[in-house]
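S.K.: First, the structure itself, so that you have it in front of you.
The values are calculated or read from the model by the stated rules, or taken from the named source; none is laboratory data. Keep in mind it's a predicted model, so treat the numbers as computed, not measured. All Cβ positions, glycine included, derive from the backbone under ideal geometry; neighbour counts span all protein chains shown. To get the accessible areas, we keep the full protein, side chains included, count just its heavy atoms, and leave off ligands, DNA and RNA. Shrake-Rupley method; radii C 1.70, N 1.55, O 1.52, S 1.80 Å.
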Amino acid sequence: MKEILFTVCGRGGSKGIKNKNIRLLCGVPLVAWTLFDAASAFRDDGEIRKTLAVDSDSDEILETAGRFAPGAYFHKRRNELAGDRVAKMDVIGEVLSHASRDTGQTFDAVVDLDITSPLRTPEDIERTCDVFFRGKKDVVFSVVPARRNPYFNMVERNPDARFSLCKPSSFVARQQAPEVFDMNASIYVYKPEVFARGVKSPASLDFDVFVMRDFGVIDIDHEEDLEMMNLLLEQGEHLLPDALREKKKTLMAQAVAGCEGRVKE
């Protein structure tokens, strides 16, 4: 039996979109889309036991999450970890420490799911965990194929204000350049012991990746991003895989019913 701690962490002081983590996406609070994924992953796997922990400095976020996942472990983030310059690994590490203490569980993995990635599926989580448990890496995180390549069509501003290719090369076609990926900040599967090292970034650890579908990388950082995501889910449903269509249908039904159905384990 593997014990997995799922963490869903969201602070209340989002600058790009006010109250981002509880804004409505197809009538459903954004955080609920991620809670659905955590509840649905490994639902029929008798070898996995899950604990869901929701962390925030915002009472409103915690209360909203509680309506959709009433059985979760709720963690109130202290003010010292609520700033926009705090490394998320520090937040996850404290949630892990407190959840282990309060539940008495020893976890084999910590799966962190970003709230701003509603287009992931439970299968994406399961496949990322499969890469993690089959290997010996400190962390496995999700990526998507990058639409630009630093060896071919990306430039950077230098200290002298001039621009240059990010990765100087002699490639004349993008297909010649090394394959690169965007870290889409969706799924991270960690060894629990890495949080005692004081590391601030998963990319500083020994890592592997799981490649997700490209359409899953719409970053929700500005109002326009939220509008685009709503448009995709409302008008582009025929483009979505069956799992996402079913996820949308279930969540919207729960929202209409006043969360009476709730996200079930």
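S.K.: Okay, helix-only estimate at 222 nm for the chain: each DSSP H run of n ≥ 4 adds -39500 (n - 2.57), divide by all residues, round to 500 deg cm²/dmol; what do you get?
M.R.: -9500 deg cm²/dmol
S.K.: Can you list residues from other chains, or at least 5 along the same chain, whose modelled amide H is less than 5 Å from the amide H of N149?
M.R.: HN-HN under 5 Å from N149: M154.
S.K.: Taking amide H positions as placed 1.01 Å from N in the peptide plane, with prolines and chain starts having none, which residues 5 or more places from C9, or on another chain, fall under 5 Å of its amide H?
M.R.: Under 5 Å from the amide H of C9 lie the amide H atoms of D55, L113, I115, each far enough along the sequence or on another chain.
S.K.: Here is a further query. ³J(HN,Hα) across the range 43-56 via Karplus (A = 6.51, B = -1.76, C = 1.60, θ = phi - 60°), whole Hz, x for Gly/Pro?
M.R.: Coupling constants for the range 43-56: 4, 9, 9, x, 9, 10, 10, 10, 10, 9, 10, 10, 10, 6 Hz.
S.K.: Accessible area per residue for the range 158-226 in Å², computed with a 1.4 Å probe and the full protein assembly in place, what is it?
M.R.: 62 Å²
S.K.: Probe radius 1.4 Å, ligands and nucleic acids ignored: give me the carbon and sulfur share of the accessible area of the range 37-79 as a rounded percent.
M.R.: 40 percent
S.K.: What percentage of the solvent-accessible surface of the range 106-265, computed with a 1.4 Å probe over protein heavy atoms, is contributed by carbon and sulfur atoms?
M.R.: Solvent-exposed carbon and sulfur of the range 106-265 make up 50 percent of the total.
S.K.: Now, a different point. If amide hydrogens are placed 1.01 Å from N in the peptide plane, which non-local residues have theirs closer than 5 Å to the one on V180?
M.R.: For V180, whose amide H was placed from the backbone, the distant partners under 5 Å are A146.
S.K.: Of the listed pairs K200/K247; K2/K137; K18/K137; K20/K191; K76/K137, which have alpha-carbon separations greater than 26 Å here?
M.R.: K200/K247; K18/K137; K20/K191; K76/K137
S.K.: Per residue, how much accessible area does the range 30-75 have with a 1.4 Å probe, in Å²?
M.R.: 37 Å²
S.K.: Taking loop as defined by DSSP and a crowding limit of 15 other beta carbons within 10 Å, which GluC sites (Glu not before Pro) in the range 115-196 fit?
M.R.: Those satisfying the criteria are E179.
S.K.: Which peptide among 75-81, 172-178, 86-92, 49-55 comes first, and what is the full order, when sorted by highest mean count of other Cβ atoms within 10 Å?
M.R.: 49-55, 86-92, 75-81, 172-178
S.K.: Next question, about the same structure. For the chain, set up a Gaussian network in which alpha carbons nearer than 10 Å are linked by springs, and say which option among P241, P192, P159 fluctuates the most.
M.R.: P159
S.K.: Just one of (i) 1.00; (ii) 0.98; (iii) 1.06 is Rg/Rh (Cα atoms, Kirkwood Rh) as worked out from the coordinates here. Which one is it?
M.R.: Of the labelled values, this structure produces (ii).
S.K.: A follow-up question, please. Under 1.5 on a/c is rounded, so check that first for the range 1-48, then, if it is not, pick prolate when a/b is larger than b/c and oblate when it is not; a ≥ b ≥ c are the square roots of the alpha carbon gyration tensor eigenvalues.
M.R.: It is oblate, given that a/c is not under 1.5 and a/b is not larger than b/c.
S.K.: Quick one: Cα centre-to-centre distance for the range 120-180 and the range 195-246, in angstrom?
M.R.: Value for the Cα centre distance between the two parts: 15 Å.
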